[in-house]
1. Go through (1) open to solvent by 20 Å² or more (accessible area, probe 1.4 Å); (2) free of Cβ contacts under 8 Å to residues at least 40 places away in the same chain; (3) more than 29 Å from the chain's Cα centre (by Cα); (4) farther than 21 Å from residue 261 by Cβ and name the single condition residue 143 misses.
2. Residues of the range 112-130 being farther than 20 Å from residue 63 by Cα, in a helix (DSSP H, G or I) and open to solvent by less than 100 Å² (accessible area, probe 1.4 Å), which ones?
3. So which of 133, 105 ends up being in contact (Cβ under 8 Å) with a residue 12 or more places away in the chain, part of a helix (DSSP H, G or I), open to solvent by less than 70 Å² (accessible area, probe 1.4 Å) and touching a Ser or Thr at 6+ places or on another chain (Cβ under 8 Å)?
4. With 59, 78 as the choices, which residue is closer than 25 Å to residue 296 by Cα and among the acidic types (Asp, Glu)?
5. If you take the residues of the range 297-312 that are of a type in the set (D, E, K, R) and out of contact with any helix residue (DSSP H, G or I) (no Cβ under 9 Å at 6 or more places or on another chain), which of them is most open to solvent (accessible area, probe 1.4 Å)?
6. Got a number for residues in the range 25-40 being under 17 Å from residue 170 (Cα atoms) and open to solvent by 20 Å² or more (accessible area, probe 1.4 Å)?
7. Please verify whether residue 149 is crowded, with 16+ Cβ neighbours inside 10 Å and more than 29 Å from the chain's Cα centre (by Cα), treating the condition exactly as stated.
8. If you check residue 139 against the conditions, is it in a loop (DSSP other than H, G, I, E, B) and in contact with a Lys or Arg (Cβ under 9 Å, 6 or more places away or on another chain)?
Amino acid sequence: MWEARYMHKTESLEHFLTILEKSRSLKELYLHGLPFFFEVCPTERLLFFKFSKRKNCFDPKLGLLRSETLRVIDGNYDHFDEERLFASEFNKKFRVLGVKCNDTVRNIVKIFVDNRVRLIKKNDITSTKLREVLSEFGFNEEILSIPFISLGEVVGFMLVDRCDMDKANCFIGAFGCALGRLLLKKSVDNLTSIIESQKEELKRSEAICQIGKTALTIAHEMKNSLVGIIGLFGKLKDKIEGDQKAVKYYQIIDKELKKLYDFTLDINKFSKITKPRDFSFVDLEDVIDNSIEMVSAFANDVSFSVSIDENIDRVFADKSQLEQVFLNLFKNSIEAAKDKKRIRIDVSAKIEDGRVVIRIKDNSGGVDQETLKNMLKPFFTTKSYGTGLGLSIVKGIIDNHDGELFFSNVEGGLECVIRLPLKGGKKDGR
């Protein structure tokens, strides 16, 4: 009998390792790997949190019920309806809990997270609110916290009501290694992406800067000539009084000369960047997360707080260009608040008046009114370096997404507001 149990465990572990090896993304790992624990644990429910090092907090990622999960999978862990499992009511309720790094999540982390398995009795938890939250997810008496460890660090943990640790230890260790591997891969991919995007941004900025300088030179010469032409042309007005046809021609020419003069004054305005080439429905949370991870690789002592309305699922956009928007805005906030001991950037997204409204607030202390007035103009900069095109590029991208961009001083810092069309952004509008 012992040999039979050993053989069954070995076969199960081999199957589990195959599932982990085939997982090419974090979401795929969660959806294909975590349900397997119902095979090795008698637990009825599972709540999984992933650690985010850059934000120093845990994100609720997947909540599963045994009966619901096994019904969807029906014994096939390789091919099943992932979206049906991910869109379950239990998982939706769990992810709503995860307005990132809120007090409830922090309290859960404080009580349950350790580098060893911990069994907590619910009645020993002093927070009434936290006990109520755990009850909503079906935890009645005891909660078992199981950490997933990679390279000596807790990269995630799950809460279950029961588990046979002798049977599950190998599976827990394997999942922790797989999770750590994909997190490392994501970091490397993001670093590669930011390096490539910065190279392209530099090339584009240099080209635009050169074009801008040439255009400004041409505009300057045109303006000088137009000043003389308009001045001399004005003296002709007295010579043609009484000739109605000549007066009419004069008025037309005068109007067109003034339009041309105004054009030379406006020629330094930044022309819109090329229209985005790859519009699709993209996950706003994923775009923001990737941008935070990119900028965090090059900045220390920066904390992010992200709050995304549960009704926002996806936005219709060019993902790479939208990431460029957030990357530039985050870099600006970090550079503006570089003298602060601790830089804080708060990001929120809500649906307001039929549009997705994203607010990015920092603790830089704000800017003077002259800077606020001119900061979106091309070639305007208060730095001793750079082309002054960063925010112009941001504005060009937002304009090409039929959106709006505003800046304002708020208490303690500067706030950027981005308004984008909803275009299928509601979860119930998939």
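The values are calculated or read from the model by the stated rules, or taken from the named source; none is laboratory data. Quick caveat, the model's predicted, so the values are computed rather than measured. Heads up, the Cβs are rebuilt from the backbone with ideal geometry, glycines too, and the neighbour counts pull from every protein chain shown. Just so you know, the surface numbers come from the protein's heavy atoms only, side chains and all, with ligands and any DNA or RNA stripped out. Shrake-Rupley method; radii C 1.70, N 1.55, O 1.52, S 1.80 Å.
1. Tallying (1) open to solvent by 20 Å² or more (accessible area, probe 1.4 Å); (2) free of Cβ contacts under 8 Å to residues at least 40 places away in the same chain; (3) more than 29 Å from the chain's Cα centre (by Cα); (4) farther than 21 Å from residue 261 by Cβ, residue 143 fails exactly one: (1).
2. 128
3. 133
4. Testing whether each residue is closer than 25 Å to residue 296 by Cα and among the acidic types (Asp, Glu) leaves just 59.
5. Ranking the candidates gives 301 first.
6. 1
7. Taking the combined requirement at face value, the residue does not satisfy it.
8. yes
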